[in-house]
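A.B. asks: My questions all concern the structure below.
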Amino acid sequence: MSDKHIPAELRRLVKTRAGGCCEYCRSQAKYSADSFTVDHITPRSLGGATEADNLAHSCFGCNQHKAARREAADPATGSIEPLFNPRKQDWEGHFAWSDDFTLIVGLTPTGRATVEALQINRTGLVNLRRAPYSIGEHPPKIVTGQ
């Protein structure tokens, strides 16, 4: 199997496992104007394999901002930290919602570095979080145990 080709069955597994949400910014695909994609957590260019344990459901924006990185600077300390890995780490251990549920706050060096590097609070996402919140569909539930 070519690393550039992700079989349809594997794509479905990644999407289903994520509950239809970006595993980084928690955006819901059903409310997004942009397509979602499959992200290689460890980029292919850095030796990452095209297998379930290295793939994450990602909105286009997070995927583009992450690019081929596995680490970034923590804005609070300047130290280089690993980016959030949805296969090995719990989202709630690294991130929290602001009081109005529009912003994602990094709780750890990894969380802060990921928020900054992936621009998780970009204007379009913040605006996109408001409408589903008003009808009780945001924040999305975290899918666990998959």
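No lab work stands behind these numbers, since they all come straight from the coordinates. The structure displayed is predicted, hence computed values, not measured ones. Quick reminder, even Gly has a Cβ in these numbers, built from the backbone with ideal geometry, and neighbours come from all protein chains shown.
A.B. asks: Can you give me the three principal axis dimensions of the stretch 1-52 from its C-alpha atoms, in Å, biggest first?
C.D. replies: The Cα atoms of the stretch 1-52 stretch 32, 22, 18 Å along their principal axes.
A.B. asks: Ranking Ser35, Ser98 by Cβ neighbours within 10 Å, fewest first, what do you get?
C.D. replies: Ser35, Ser98
A.B. asks: With 10 angstrom as the radius, rank Thr37, Thr16, Thr110 by how many other C-beta atoms surround their C-beta, starting from the fewest.
C.D. replies: With the fewest neighbours first, Thr37, Thr16, Thr110 line up as Thr16, Thr37, Thr110.
A.B. asks: Assign unit charges at the C-beta atoms only (+1 for Lys and Arg, -1 for Asp and Glu), then state the dipole size of the chain relative to its Cα centre in Debye, rounded to the nearest 20.
C.D. replies: Magnitude of the dipole: close to 360 debye.
A.B. asks: Next question. Provide the per-residue ³J(HN,Hα) series for the stretch 93-98, in order, calculated from phi with Karplus coefficients 6.51, -1.76, 1.60 and θ = phi - 60°, each as a whole number of Hz, with x at glycine and proline positions.
C.D. replies: x, 10, 9, 9, 8, 5
A.B. asks: Pick the calculated mean projected area of the Cα convex hull in nm² for this structure from (i) 8.5; (ii) 9.2; (iii) 15.7?
C.D. replies: Structure-derived value, by its label: (i).
A.B. asks: Compare Gln28, Gln89, Gln119 in a GNM of the chain, Cα atoms joined below 10 Å, and give the one with the largest fluctuation.
C.D. replies: Gln89
A.B. asks: Gap in Å between the Cα centre of the stretch 80-105 and the Cα centre of the stretch 1-76?
C.D. replies: Going from one Cα centre to the other spans 15 Å.
A.B. asks: Now for a different question. Can you count the Lys pairs in the chain with C-alpha separation below 20 Å, eight or more apart or on different chains?
C.D. replies: Here the count comes out as 9.
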